[in-house]
Every structure is written in C-alpha cells, then in structure tokens.
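What follows is a single structure, written as structure tokens, with notes after it.
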Amino acid sequence: MDFDNLLLERDGAVAVITVNRPQVLNALNFSTIDDLRRAALALKQDAGVRAIVITGAGEKSFAAGADINEIAVQSPAHTKELALRGQHVFDLFENLGKPVIAAINGYALGGGCELALACTLRVAADTARIGQPEINLGIIPGYGGTQRLARLVGKGVALELLLTGKQITAAEALQIGLVNRVVPAARLLSDAKALAAELAGKAPIAVQYIIEAVNRGLEVSFDTGQFLEATLFGLVASTDDMREGTKAFLEKRKPDFRGR
Ligand code: COA
C-alpha cells in the first residue's frame, strides 16, 4: 500500500506504522488522518498481522497534534465534520481487534496524544512529552481526547491536563496511568516491537474478545458488561485455540495458537 504520510513495515506478525512528516513534528493533517484510516482497515483485514506498533518519524515527535495550518482556516460546520472523521479513524484503531501499541518517541500533543489514547497500550520514551494543549489555541480536543483521557486517568486529572494544556513528562504520564511503560529512548522501538511480538503470540480470538469486552464493557452497566464477558467467554470456548491452549498446558508445552 502507498501512503503520502505514513511508512508501513512488517516484521513477522507485527506491523509498524510510522507517521512520516518530521518537518512539522508529524502533525496530523487531514491527508495523514485518511492514510491512518486506510492503514487501519488494511491491517484489520490482514490475518497475518497480529499486533501493530504506531510511532513517529525522527527523534523529536510522535505527533505534535492536528495540523494547525489546516485547523486555522476551517469553517465551523466543516470543523465538526473533520472531528467526526478523525474520531471515526481513531475508533478504528481502538477497536481493531488486535493490540495496537503507541511507541511515543517524543511529543504526543493534541491529536498525537489522542492517537496514543486510542491505542491499546502506550510505551513512552523517557524523553516523551505528552499533553492536550488545544486550550492554548482557544480550541478543545476533537479526536476523542476529552472522552478517552477522562476514562483512562480519571476525571480530575483529565480536567487538569485539558484545562491547563500543560505538557507532562513520560515519568509523570506513567504515574497517572496515561502510559503503560517508560523506557530509554534508544530502546523504545525495539521494546515496543518486543511487546507487540509477545502479544502477537497470544491466541488472536481471545485477544480480540478481551479488547472488545473492556472497550464495550466500559460503555455499559457493570451487569451488562459482565453478561457480555460471559457471552464472549462462551464463544471463545468454541475455538481450536482454546483446545490447543488447555491441551498444551496439560502436556507441559508451549501452545501454538492459529486464530481459529
Ligand atoms: N501543526 C502544524 N505545524 C506544526 C505543528 C502542528 N501541530 N507542530 C509543530 N509544527 C511545525 C512548526 O510550525 C515548525 O514549522 P517551521 O519549521 O516551518 O516553523 C516545525 O513544526 C517545528 O516546530 P517548532 O515549533 O519550531 O519546534 P519546537 O521544538 O520549538 O516546539 C512544540 C515543539 C511541539 C512544543 C511546538 O511545535 C508546538 O507547540 N506545536 C503545536 C502543539 C499543539 O498545539 N498541538 C495541538 C494542535 S490542535
């Protein structure tokens, strides 16, 4: 597949997406959002891909937000449509059914932070800086940030970040649960890929159902969420991978999961 603004590489069952506009710190212009949409759909369909890493080109930035040159000149109605479109694309990553790991290699600001929030897990370089600075431009996040940040780190901490627009360090992000791991910058991509490879070795259908149960479960009552869990548990019990996983345990060997 050809993209104007992304690089897409494969390493076994792991795909790596690199947002590739380093001259503007990987700002997410509308064309990049569309590239991300096409990449998400392609990777979802590709059964050979079991985990994905998203990172930014260069050492300075994961993504420094929406492209301010484009935001500055939109009409209100069009801006709303663009926000809905961006939200849809980030939803695709959140619900891809495969683990998506943000490897945050520098600034993850605005839309960059929102892209990381839509990922399944976040690994940050110790040099990363994360925040939602939209308030300083007189705007608000438009790609899910107000919703996902509050769900991930809690309402009070989210409101502080959203209202101050401050950048926090990787260590602070780890402390509030915004990222899962912090690693030395030099090791970021290899560590994120190793984590992706580890998850790629798990039973794909069980991985998908865990992501679905957590994502959908957070949107419904506890009771309904538990019912969804039980239903997915019933479904996963019908898979070859369930038989292989339990058999391998009893035979004291490593399971070979096929996604069936
Ligand atoms: N949209 C468009 N261009 C951007 C951008 C964005 N979100 N973020 C950075 N750039 C561009 C800069 O305009 C600059 O372009 P230039 O070289 O043509 O002047 C280039 O990327 C490098 O950025 P610069 O600001 O010079 O780097 P810095 O190290 O001094 O500062 C940041 C880095 C991330 C703190 C700063 O670029 C910044 O605040 N960016 C905007 C973050 C933001 O508000 N995001 C939310 C957008 S809704």
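Whether any residue in segment 31-50 is of a type outside the set (Val, Ile, Thr), in a loop (DSSP other than H, G, I, E, B) and within 16 Å of the ligand (Cβ to nearest atom) is what I want to check.
no
Could you tell me whether Ala200 is under 26 Å from Ile104 (Cα atoms) and open to solvent by 80 Å² or more (accessible area, probe 1.4 Å)?
Criteria not met by Ala200.
Looking at segment 118-159 only, could you name the residues that are away from the ligand (no atom under 16 Å from the Cβ) and in a loop (DSSP other than H, G, I, E, B)?
Cys119, Thr120, Asp126, Gly154
What are the residues in segment 95-117 that are surrounded by fewer than 24 Cβ atoms within 10 Å (Cβ to Cβ) and either assigned to a helix (DSSP H, G or I) or among the hydrophobic types (A, V, I, L, M, F, W, C) (or both), if any?
Leu96
Restricting to segment 88-117, name every residue that is within 12 Å of the ligand (Cβ to nearest atom) and within 15 Å of Glu172 (Cβ to Cβ).
Correct list: Tyr107, Ala108, Leu109, Cys113.
Filter segment 48-89 down to residues that are at pLDDT below 95 and of a type in the set (Ser, Thr, Tyr), then give me how many there are.
Result for segment 48-89: 2.
Residues to consider are Leu36, Leu25, Leu92, Leu43; find the one that is at positive phi, modelled with pLDDT of 95 or more and either open to solvent by less than 30 Å² (accessible area, probe 1.4 Å) or in contact with a Lys or Arg (Cβ under 9 Å, 6 or more places away or on another chain) (or both).
On inspection, the qualifying residue turns out to be Leu25.
Taking Gln208 and the conditions (1) in contact with a Pro (Cβ under 8 Å, 6 or more places away or on another chain); (2) open to solvent by 40 Å² or more (accessible area, probe 1.4 Å), which numbered condition does it fall short on, given that it satisfies the others?
(1)
Given the condition within 12 Å of the chain's Cα centre (by Cα) and open to solvent by less than 20 Å² (accessible area, probe 1.4 Å), answer yes or no: does some residue in segment 145-166 qualify?
Looking for residues that are within 12 Å of the chain's Cα centre (by Cα) and open to solvent by less than 20 Å² (accessible area, probe 1.4 Å), one finds none in segment 145-166, hence no.
Please determine whether any residue of segment 73-87 is away from the ligand (no atom under 15 Å from the Cβ) and aliphatic (A, V, I, L, M).
There is at least one residue in segment 73-87 that is away from the ligand (no atom under 15 Å from the Cβ) and aliphatic (A, V, I, L, M).
Among all residue pairs at least 6 apart or on different chains, which show Cβ distances below 9 Å where the first residue, located in segment 108-132, is closer than 22 Å to Asn215 by Cα and the second is open to solvent by less than 10 Å² (accessible area, probe 1.4 Å) and hydroxyl-bearing (Ser, Thr, Tyr)?
From segment 108-132, the pairs are Gly112/Ser61.
Does Lys60 meet the test of being within 16 Å of the ligand (Cβ to nearest atom), open to solvent by 20 Å² or more (accessible area, probe 1.4 Å), in contact (Cβ under 8 Å) with a residue 24 or more places away in the chain and in contact with a Pro (Cβ under 9 Å, 6 or more places away or on another chain)?
yes
Hey, could you check segment 169-197 for residues that are crowded, with 18+ Cβ neighbours inside 10 Å and within 16 Å of the ligand (Cβ to nearest atom) and say which is farthest from Ile139 (Cα to Cα)?
So, considering only residues that are crowded, with 18+ Cβ neighbours inside 10 Å and within 16 Å of the ligand (Cβ to nearest atom), the one farthest from Ile139 (Cα to Cα) is Ala170.
Looking at segment 163-171, can you tell me whether even one residue there is part of a helix (DSSP H, G or I) and within 28 Å of Leu199 (Cβ to Cβ)?
The answer is yes; a qualifying residue exists.
The values are calculated or read from the model by the stated rules, or taken from the named source; none is laboratory data. Worth saying up front: this structure is predicted, and the values here are computed from it rather than measured. Note that we place each Cβ from the backbone using ideal geometry, even for glycine, and neighbour counts take in every protein chain shown. With ligands, DNA and RNA removed, areas are computed over all heavy atoms of the protein, side chains included. Shrake-Rupley method; radii C 1.70, N 1.55, O 1.52, S 1.80 Å.
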